[in-house]
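What follows draws every value from the coordinates through simple rules; no lab data is involved. Remember, predicted model here, so these are calculated numbers, not experimental data. Cβ sites come from the backbone with ideal geometry, for glycine too, and all protein chains shown count toward neighbours.
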Amino acid sequence: MAEQKKDKSANDKKKSSDEKPLPYSGGVLTIIGLAFTFTFRILMIIFIAIAIEVVLTALGLYDDGVNHAQKLLLHYYQFLIDDHSSKKYVIDPLNNALDIINYLSSLLSINLQDSVTKVHTGFIAYMYVIYFSVCVVLIKLSYVVSSLPLFALVWICMIMDGFVQRTKRKYIGTPDSVYKWTISVHMIGVPLFGIMLLFLVLPFSIHPAFWLLPITFLCGLGWRAVTINFNKFV
């Protein structure tokens, strides 16, 4: 008799645990929280990129520190001129970059044209390492801004396809999954923060398009996965 009662109580516990709702896996408040988190992380990435760029060049890990930073700035400036003349972008990166760099130069009372042609030595050279490194990061960010229409086009297409798959998942009755939701969020975060940080930090003169195209496509796949695994009861 006692064993039957124990079996009955165990079955009741199992039944109650089975009837519990699935863990929450994405909703409106979650999306708002992710937006704030992503914004904060993007700002942190910018500051970290500038700091690492300055350290790498100041230590002279790539040629002489100031000379490398100077050459890198000239290479990226040439990218701006080439893309401006070919009119490849809806939002011209040259205008964005020059506005910010000219404002920074006037704030620091630095003549940009003279600074990239003169030879800098001594303590002042390390000051110019910081200045050149900040200018390079600003040029890279101007390319990010110029790529926003491409980001929007690819991501909207991926999100719309995700909505189709989410509707299919709702009618099939596939349960929500915290694991799939978490993986989907990381599919956005890893390219957006990981690869973007490498793009902003690495002191190589590679055209920004070679970095931004993979970031755009991989983040688009992440947005598609997030839309598919968004809470189907919302």
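The table that follows gives values for the structure above.
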| quantity | calculated |
| --- | --- |
| Exposure proxy ranking, count of Cβ atoms within 10 Å, fewest first, for Ser109, Ser205, Ser142 | Ser109, Ser205, Ser142 |
| Sparsely packed trypsin sites (Lys or Arg not before Pro) within the stretch 86-149, loop by DSSP, other Cβ within 10 Å at most 13 | Lys87, Lys88, Lys118 |
| Spin-label zone in the stretch 73-110 - amide nitrogen under 18 Å from a point set 7 Å from the Cα of Phe210 along the C-beta vector | 73-83 |
| Phi-based couplings in Hz for the stretch 133-138 (Karplus 6.51, -1.76, 1.60; Gly and Pro marked x) | 5, 5, 5, 5, 5, 5 |
| Computed log₁₀ I(q)/I(0) - Debye formula, equal Cα scatterers, no solvent, the stretch 136-234, q 0.11, 0.24 Å⁻¹ | -0.39, -1.17 |
